[in-house]
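Q: Got a structure for you, written out below as structure tokens; questions coming shortly.
The values are calculated or read from the model by the stated rules, or taken from the named source; none is laboratory data. Because the structure is a prediction, the values reported are computed rather than measured. Backbone-built Cβ (ideal geometry, glycine too); neighbour counts: all protein chains shown. Only protein heavy atoms, including side chains, enter the accessible area calculation; ligands, DNA and RNA are left aside. Shrake-Rupley method; radii C 1.70, N 1.55, O 1.52, S 1.80 Å.
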Amino acid sequence: MLVHLGDMLRHAYSNGYAVGAFDLVSLDFLQAILAGAERQRSPVILSLAESHYGYFDPELLMPAVRLAAERSTVPVAVHLDHGSSLEAAIRGIRQGFNGVMVDASTQPLAENIARTRAVVEMARACGVPVEGELGYVAGVEGEDAERHPGEVIYTAPEEAERYVRETGVDFLAVSIGTVHGRMRGEPRLDLERLAAINGALSIPLVIHGGTGLGDDQFRRLIANGVAKINYYTALADAAGAAIRASAVVPGHRGYTDLTKGVQAAIQSEVERCIALWGGAGRAEAVLEACRPWREVEHLVLYNSTAEPSQTAAMIAEGRRVLAEIPGVREVITGTSVRAEGAYRDCWMVRFASAAVIDTYRDHPDHQAFADSHFRPVAGDRLTIDYQLGP
Ligand code: 13P
């Protein structure tokens, strides 16, 4: 079941465990991650990193991610990982993410704050929580860390306090010694720094670059406020090992022969992490503690008084303008199949959550369209917002 990410991570933070945010790049990953969470009866975060969009089309994969989340029996959130801009966050919410990360961590502090705050203002108006990053976690997910040495910039506790206060982020990704990707040996973590950040903020903290940390390191991170752990490279490596093992089996030549063991390999690593990070067996308690994520259908029934060609132009303009408003997921228009029906024309505008009802109504693009195009030709009309759900 899809739930509010904020509720999920606050539950983890107050109960001393961390939820895995597993990056997925294909249906194999999606199915394996969810099968692992179901088997462990654990909450889980399905994460899609913008840097991976070269490997799949998010417009195609996201409907599958949403459907998988909605039909699962454990609490699930769908999170945009390393969103690069305000536009990426708006697009992400339209595609169905109910949590977004804005990563402006390579920018100077003031610029990081300004960019993050813009995303928080937009996302909050859509009811979607935001993860920010302060300090810099080097490396690239799925690759050898030494190929992307970068310079790790540690998060300073006093800057973190200012960053969270001025941006309003719900969760903070911190840099305390981890790197993205494959490492040689265990990294050295600055746990004192983490404890100071946690003491100053009291909000769920996030660790990026989970691959390669030792069991004890994970336990210490969680004991110091880490409630979300981002994890990808080890899953990709488990999948790669499964493919290599299949490749040496005589007769294995085709795609399905080679990828047969991939899901089981990913699932086993996901389950190991969930058990280690303390999420196993928590699904029912988390479902109790979390608001289900519910979309809203904004339904407008009307009779156009304009000529058919003018009506068509008005509808085309509305579809173009309204679909761009943050928090709008989809704009559908239709005409009654019976000419004599009470209301012949309709708009069905899908909102990401109930928070979008006010945002949409007050948005200048909506008001301009309604005042100058729609209301003049739709005198008799009915408007209802339906919360969607079982
Ligand atoms: P790893 O690939 O090192 O596990 O890091 C994943 C990550 O931080 C994604 O944001």
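Q: About its Cα centre, how strong a charge dipole does region 135-228 have in debye, to the nearest 20, once Lys and Arg get +1 and Asp and Glu get -1 at the Cβ? Write out the running numbers ahead of the final one.
A: Details: 10 positive and 15 negative charges, 31 e Å.
So the magnitude is around 140 debye.
Q: 222 nm [θ] for the chain, helices only, -39500 (n - 2.57) per DSSP H run of 4+, per residue, to 500? Mind showing how you got there, number by number?
A: Working: 15 runs with 167 residues, N = 390.
Result for the chain, helices only: -13000 deg cm²/dmol.
Q: Still on this structure: In cubic angstrom, how much convex hull volume per residue do the alpha carbon atoms of region 311-390 span? Working shown, then result.
A: Values: hull volume 8.6 nm³, N = 80.
Hull volume over Cα atoms, normalised by residue count, gives 108 Å³.
Q: Nearest 20 debye, what's the magnitude of the dipole of the chain about its Cα centre given +1 on Lys and Arg Cβ and -1 on Asp and Glu Cβ? Intermediate values should be presented prior to the final figure.
A: Details: 36 positive and 50 negative charges, 149 e Å.
Value, rounded to 20: 720 debye.
Q: Using only alpha carbon pairs under 8 Å that are at least six residues apart, calculate the relative contact order of region 195-311 and give it in whole percent. Provide the component values of the computation, followed by the final result.
A: On the way: 82 pairs, mean separation 23.6, N = 117.
Reported relative contact order: 20 percent.
Q: Project the alpha carbons of the chain onto their principal axes and report the range along each, largest first, in whole Å.
A: 72, 60, 39
Q: State in Å² the accessible area per residue of the chain; use a 1.4 Å probe, count heavy atoms of protein chains only, and round to the nearest integer.
A: Working: 16870 Å² over 390 residues.
Ligands and nucleic acids excluded, the figure is 43 Å² per residue.
Q: Once Lys and Arg get +1 and Asp and Glu get -1 on their Cβ, which of ILE357, GLY181, ILE384 lies farthest toward the positive end of the dipole of the chain?
A: Looking along the dipole axis, the top candidate is ILE384.
Q: What percent do you get for the relative contact order of region 113-223 when only Cα pairs under 8 Å and 6+ apart count? Intermediate values should be presented prior to the final figure.
A: Details: 195 pairs, mean separation 30.8, N = 111.
So the answer I get is 28 percent.
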